[in-house]
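Asks: Quick one: the structure is below, questions incoming.
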DNA sequence: AAAAATTAATTAAACGTTTGTTTAATTTCA
DNA sequence: TGAAATTAAACAAACGTTTAATTAATTTTT
């Protein structure tokens with residue numbers, strides 16, 4: 001195996017679980033089964049390694065919504081697709097999202113903070129455009145678009161952040177982890193889509209009960 | 001000033017900003033303008049100090065919803081009050097909420113993790129009861145109560161966590177911090193109340209546009 | 001194709017700081 | 001005077017990083 005990739009994925013896992021300051025380069029070297037000095041040799045420093053991890057992983061989460069925005073399907077279906085995309089993304093790699101949001105809540109490493117902000121902000125701007133188009137065309141109510149986005153992302157994020165809380169909440173069965181289950185993904189998708197229909201659509205006939 | 005309280009509030013501020021591992025006891029001693037050894041003298045250890053901080057501050061955020069649950073007003077108005085309560089709470093002391101949620105996303109200090117989970121879980125159970133009552137009485141649609149709660153808390157939490165993102169998003173004006181502004185609080189309150197009405201109420205006439 | 005030379009990868013050990021904590025001496029105040 | 005509060009100094013351990021030596025791989029030369 002390529003030691004570079006081994007270090008990167010191990011570092012990603014440990015940074016995600018224990019935070020940047022909570023993870024020592026010795027922890028990483030041990031878990032990746034490489035010599036301590038290899039980390040400096042390949043990445044220069046712990047902080048540079050961290051930047052490489054963020055760079056390395058954000059390419060995989062960078063979904064392009066620009067194309068979706070241009071397509072001619074109803075805006076509410078675009079919202080559906082965005083929800084599906086975010087749910088899959090965040091549940092596929094929860095550790096990395098913990099890492100990103102933890103970094104956003106810290107006042108350390110300002111340049112990393114800005115870099116992450118820019119990554120997340122690009123998609124937010126596109127989504128805001130889609131919501132605004134829906135409002136302008138009369139398909140959506142004149143909702144607060146910024147806060148509507150906060151609701152979409154915040155709902156998923158909240159489930160990720162409070163993973164263990166959620167486990168106790170959703171399933172008394174202790175051996176079962178809802179975060180590896182497809183059921184929860186679908187449940188979140190379904191919930192958010194219904195929620196957004198109720199919130200956005202003017203003539204909402206979505207109550208199927 | 002009482003050095004104990006000075007240390008507690010300083011530690012709370014620094015832990016909130018830089019995380020537990022990112023804050024040294026020397027940082028705290030310097031910022032609190034007390035001698036380094038005073039922290040061990042008063043609190044025993046850094047970890048004990050952290051527990052004192054969480055204990056000390058969680059008493060102030062521990063709002064009792066049990067009484068609200070028992071009162072005889074419509075369930076939707078109870079939801080309104082819960083939203084107001086959470087918005088005020090989380091915007092009043094955002095650093096402490098950063099601290100709590102960061103701790104929940106980490107796999108360090110399991111006992112602290114459990115303690116925080118229990119604090120947050122108590123309110124969640126009560127809120128879930130209120131939603132379920134609304135469903136049972138026919139006032140609310142048969143929504144997914146767990147995820148509805150995740151939406152309420154997640155929306156507020158998302159605005160806190162991505163504070164700087166939000167600042168760029170909501171106001172291009174860089175000198176203005178939306179998190180000290182009453183306007184954002186009211187905006188979030190308003191948004192969530194409308195959202196929950198659309199989501200929960202069966203005959204929703206809340207569209208005032 | 002074999003040998004020599006050169007570069008790259010890997011290692012154990014050590015470097016100087018910073019960490020949390022403790023000690024022992026001193027000051028403060030009742 | 002005596003207990004509590006406060007201090008500067010020192011402690012060992014852990015930290016990120018570097019060094020210098022060794023092995024492995026690659027390239028060059030014969």
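Asks: In degrees, nearest 10, range 0 to 90: what is the angle between the Cα axis of helix B:110-136 and the longest Cα principal axis of chain B?
Replies: Between the helix axis and the principal axis of chain B, the angle is about 10 degrees.
Asks: Anyone know which of B:120, B:106, B:14 comes out most mobile in the 10 Å Cα GNM of chain B?
Replies: It is B:106.
Asks: Once you sort the root eigenvalues of the Cα gyration tensor of region B:51-177 as a ≥ b ≥ c, which label holds: rounded (a/c under 1.5), prolate (a/b larger than b/c) or oblate (the other case)?
Replies: oblate
Asks: Taking 7 Å along the Cα-to-C-beta vector as the label spot, tell me the residue B:108-residue B:163 distance in nanometres, rounded to one decimal.
Replies: 1.9 nm
Asks: Something else about it: For chain A, with a Gaussian network of springs between Cα atoms less than 10 Å apart, report the residue from A:35, A:93, A:123 with the top mean-square fluctuation.
Replies: Looking only at A:35, A:93, A:123, the largest GNM fluctuation is found for A:35.
Asks: Suppose R0 equals 51 Å; then what is the FRET efficiency for residue B:183 and residue A:36 from their Cβ-Cβ distance, rounded to the nearest 0.05?
Replies: Efficiency, rounded to the nearest 0.05: 0.50.
Asks: Please work out whether region B:71-122 counts as rounded, prolate or oblate from its C-alpha gyration tensor, where a ≥ b ≥ c are the square roots of the eigenvalues and a/c under 1.5 means rounded, while otherwise a/b larger than b/c means prolate and anything else oblate?
Replies: oblate
Asks: Let me ask something else. Have a look at A:165, A:12, A:112 and tell me which one the Gaussian network model of chain A (Cα, springs below 10 Å) gives the largest fluctuation.
Replies: Evaluated over chain A, the most mobile residue of the options is A:165.
Asks: Would you kindly work out, in nm and rounded to one decimal, the distances from the label point of residue A:88 to those of the same position in each other copy, ordered shortest first, with label points 7 Å along Cα-to-Cβ?
Replies: 4.4
Asks: Using the number of other C-beta atoms within 10 angstrom as an exposure proxy, rank A:107, A:158 with the fewest first.
Replies: A:107, A:158
Asks: Please arrange B:56, B:86, B:41 by how many other C-beta atoms lie within 10 Å of their C-beta, fewest to most.
Replies: B:41, B:56, B:86
Asks: Which FRET efficiency value, to the nearest 0.05, do you get for residue B:58 and residue A:72 by plugging their Cβ-Cβ distance into 1/(1 + (r/R0)^6) with R0 = 56 Å?
Replies: Rounded to the nearest 0.05, the efficiency is 0.65.
Asks: Also: How far, in degrees from 0 to 90, does helix A:145-161 lean away from the longest principal axis of the Cα atoms of chain A, to the nearest 10?
Replies: Approximately 50 degrees, to the nearest 10.
Asks: Related question: Note the angle between two axes, namely the Cα long axis of helix B:3-18 and the longest principal axis of the Cα atoms of chain B, as a number of degrees from 0 to 90, rounded to the nearest 10.
Replies: 60 degrees
Asks: So if I take the centroid of the Cα atoms in region B:96-164 and the same for region B:1-45, what is the distance between those two points in Å?
Replies: Computed from Cα coordinates, the inter-centre distance equals 29 Å.
Readers should treat all values here as calculations from the given coordinates under stated rules, not as data from a laboratory. The structure displayed is predicted, hence computed values, not measured ones. Every residue, glycine as well, gets a Cβ built from its backbone with ideal geometry; the counts of neighbours run over all protein chains shown.
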